[in-house]
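Peer 1: Below: one structure in structure tokens.
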Amino acid sequence: MIWALALHGGAGAIAAHLYRQEEEHMRGVLERGVAMLARGESALDVVTEMAAELEACGLHVAGKGAAPNAEGSVELDASIMDGQTRAAGAVAALSGFVSPVRVARGVMEKTAHVLIAGAGAARFAEINCFERVEDPSLYYTPAKSGLPGPGTPGSGTIGAVARDMAGRLAAATSTGGLHGKLPGRVGDTPIIGAGCWADQRAAVSCTGLGEYFMRVNAAADVCARIAYAGQSLAEAAGAVIEDVRGLGGYGGLIAVDAAGNVATPFASQGMKRAWATSAGVREVKSFG
Ligand code: ASP
């Protein structure tokens with residue numbers, strides 16, 4: 001029975017920091033995901049739970065750990081995609097809710113839309129009783145990250161991709177975006193095809209300078225390369241990250257394919273990440 005799972009905590013990791021706490025936490029999240037997959041739970045439920053845990057921990061620039069925009073408020077982006085049905089949901093520039101990825105799943109399951117932004121997304125979350133952030137000044141604890149400016153809370157999206165025992169693939173991505181971004185700025189994270197994608201071939205979650213990931217349609221391009229160019233998952237994922245690097249961007253991605261292979265390429269100093277497979281693989285790394 002094959003399954004595979006990969007997580008990331010962002011490509012903003014810099015060599016000047018040690019990420020022991022982040023790695024320890026991610027190891028625990030990974031083990032909970034492994035248990036869910038080994039019990040036969042769906043890839044979609046696993047990536048939802050993994051992403052929600054990473055949002056809630058405050059250790060990455062997503063959910064609780066998100067950094068404020070240029071005007072001091074927190075606007076979050078998230079997305080989710082089910083590879084079997086190609087159903088997808090996303091929220092952009094959402095304020096006031098604990099788990100943007102759960103709201104994104106709500107958009108996928110309760111509306112005829114894929115992406116809802118700003119006040120409309122908050123209204124949707126409110127009507128559907130998603131958990132609110134009562135006091136943003138107490139709740140948010142901007143996570144340390146390195147990029148884009150050393151020593152400042154920078155970028156640090158989280159993501160999860162999974163292949164379940166029934167062969168279904170799913171991906172989820174959630175972010176606070178870039179520290180000091182312009183109000184209303186939306187990156188790749190909630191853009192289906194750029195920061196998140198899943199089909200029957202592979203599931204992909206991206207992190208890094210979102211403007212570049214949008215310009216190369218990064219997540220969907222991994223699957224397109226597999227479909228049209230016959231590339232392996234590792235080749236396709238690596239080529240997409242080289243495309244980002246070639247344009248002058250930085251970042252990385254995590255991906256799993258239908259055979260249970262995992263790829264985690266990045267073009268940045270580091271990328272907090274973890275992966276596990278039914279073949280007994282368990283890895284948690286921030287660099288190298
Ligand atoms: N991709 C995210 C964005 O541009 C940031 C990140 O991955 O760290 O909003």
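The values are calculated or read from the model by the stated rules, or taken from the named source; none is laboratory data. Treat the numbers as computed from the prediction; the structure is a model and nothing was measured. Here the Cβ positions follow ideal geometry from the backbone for every residue, glycine too, while neighbour counts run over all protein chains shown. Each accessible area value is taken on the protein alone, full model and side chains, heavy atoms only, with ligands, DNA and RNA left out. Shrake-Rupley method; radii C 1.70, N 1.55, O 1.52, S 1.80 Å.
Peer 1: Quickly estimate the mean residue ellipticity at 222 nm for the chain, helices only: each DSSP H run with n ≥ 4 gives -39500 (n - 2.57), and the total goes over all residues, rounded to 500.
Peer 2: -9500 deg cm²/dmol
Peer 1: Further question: Working out 0.36 nm times the residue gap between ARG27 and ALA239, then minus their Cα-Cα distance, what length gain in nm do you get to one decimal?
Peer 2: 73.5 nm
Peer 1: Something else about it: Using each residue's phi in segment 117-133, evaluate 6.51 cos²θ - 1.76 cosθ + 1.60 at θ = phi - 60° and report the 3J(HN,Hα) Karplus result to the nearest Hz, with x for Gly and Pro.
Peer 2: Karplus-based 3J(HN,Hα) across segment 117-133 equals 10, x, 4, x, 5, 5, 5, 4, 5, 5, 4, 9, 6, 6, 4, 8, 8 Hz.
Peer 1: Can you check what the net charge comes to around ALA218, using other residues whose Cβ is under 13 Å from the Cβ of ALA218 (Lys, Arg +1; Asp, Glu -1)?
Peer 2: Numbers: positive: ARG215, ARG225, ARG245; negative: ASP188, GLU211, ASP221, GLU242, ASP243.
Combined, the nearby Lys, Arg, Asp and Glu give -2.
Peer 1: Quick one: with all protein chains in place, what share of the accessible area of the chain is carbon or sulfur, to the nearest percent (1.4 Å probe)?
Peer 2: Carbon-and-sulfur percentage of accessible area, whole number: 53.
Peer 1: So how do TYR139, TYR19 rank on accessible area, 1.4 Å probe, biggest first, that is with the largest at the start?
Peer 2: On the way: TYR139 50, TYR19 5 Å².
Largest to smallest exposure gives the sequence TYR139, TYR19.
Peer 1: In nm, to one decimal, how far is the ALA259 label point from the MET1 one, both placed 7 Å along Cα→Cβ?
Peer 2: 2.3 nm
Peer 1: Quick one: which residues, 5 or more positions from HIS60 or on another chain, have an amide H under 5 Å from its amide H? H modelled 1.01 Å from N in the peptide plane, none for Pro or chain starts.
Peer 2: Residues meeting the criterion, in which the H sits 1.01 Å from N, are GLY65.
Peer 1: On to the next question. At what distance in angstrom do the alpha carbon centres of segment 218-288 and segment 64-90 lie from each other?
Peer 2: With segment 218-288 and segment 64-90 each reduced to a Cα centre, they are spaced 20 Å.
Peer 1: So what is the relative contact order for the chain, in percent, with contacts set as C-alpha pairs under 8 Å and at least six apart?
Peer 2: In percent, rounded to a whole number, it is 27.
Peer 1: Moving to a separate point now. TYR139 versus GLU109, label points 7 Å from Cα toward the beta carbon: distance in nm?
Peer 2: Using points 7 Å along Cα→Cβ, the separation is 2.0 nm.
Peer 1: Once phi is turned into ³J(HN,Hα) by the Karplus curve 6.51 cos²θ - 1.76 cosθ + 1.60 with θ = phi - 60°, what whole-Hz value does each residue of segment 49-61 show in order, with x for glycine and proline?
Peer 2: Here the 3J(HN,Hα) series is 5, 4, 5, 5, 5, 5, 5, 7, 7, x, 9, 10, 7 Hz.
Peer 1: Along the Cα→Cβ direction, 7 angstrom out, place labels at GLN200 and ALA87. What is the inter-label distance in nm?
Peer 2: With each label point 7 Å from Cα toward Cβ, the separation is 1.8 nm.
Peer 1: Please state the shape class of the chain: rounded when a/c is under 1.5, otherwise prolate if a/b exceeds b/c and oblate if not, all from the C-alpha gyration tensor. Write out the running numbers ahead of the final one.
Peer 2: Working: a/c = 1.36, a/b = 1.19, b/c = 1.15.
Because its axes are fairly even, with a/c under 1.5, the chain counts as rounded.
Peer 1: If you count only protein heavy atoms and use a 1.4 Å probe, how large is the accessible surface of GLU31, to the nearest 10 Å²?
Peer 2: My reading of the accessible area for GLU31 is about 80 Å².
Peer 1: Charges at C-beta only: +1 for Lys and Arg, -1 for Asp and Glu. How large is the resulting dipole of segment 1-95 about its Cα centre, in Debye rounded to 20?
Peer 2: That gives segment 1-95 a dipole magnitude of about 180 debye.
Peer 1: In whole Hz, what ³J(HN,Hα) sequence does segment 91-96 give by Karplus (6.51, -1.76, 1.60; θ = phi - 60°), x for Gly and Pro?
Peer 2: Once rounded to whole Hz, the list reads 10, 10, 6, 8, 10, x.
Peer 1: Mind putting a number on the dipole of the chain about its Cα centre? Charges go on the C-beta only, +1 for Lys and Arg and -1 for Asp and Glu, and I need it in Debye to the nearest 20.
Peer 2: 200 debye
Peer 1: How would you classify segment 188-288 from its alpha-carbon gyration tensor, with a ≥ b ≥ c the square roots of the eigenvalues: rounded for a/c under 1.5, else prolate if a/b is greater than b/c, otherwise oblate?
Peer 2: oblate
Peer 1: Assuming a strict under-21 Å limit between Cα atoms, what lysine pair count do you get for the chain once near-sequence pairs (fewer than 8 apart, same chain) are dropped? Let's see the in-between values first.
Peer 2: Details: LYS64/LYS144; LYS64/LYS181; LYS64/LYS272; LYS144/LYS181; LYS144/LYS272; LYS144/LYS285; LYS272/LYS285.
Qualifying lysine pairs in the chain: 7.
Peer 1: Normalising by the residue count of segment 1-135, find the relative contact order in percent from Cα pairs under 8 Å and 6+ residues apart.
Peer 2: Values: 184 pairs, mean separation 22.1, N = 135.
The value is 16 percent.
Peer 1: Right, something else. Taking only Cα atoms and a 10 Å spring cutoff, compute GNM fluctuations for the chain and point out the largest among PRO190, PRO136, PRO265.
Peer 2: PRO136
Peer 1: Looking at the chain as a GNM with Cα springs under 10 Å, which of VAL107, VAL204, VAL256 has the largest mean-square fluctuation?
Peer 2: Comparing VAL107, VAL204, VAL256 in a Gaussian network model of the chain, the most mobile one is VAL107.
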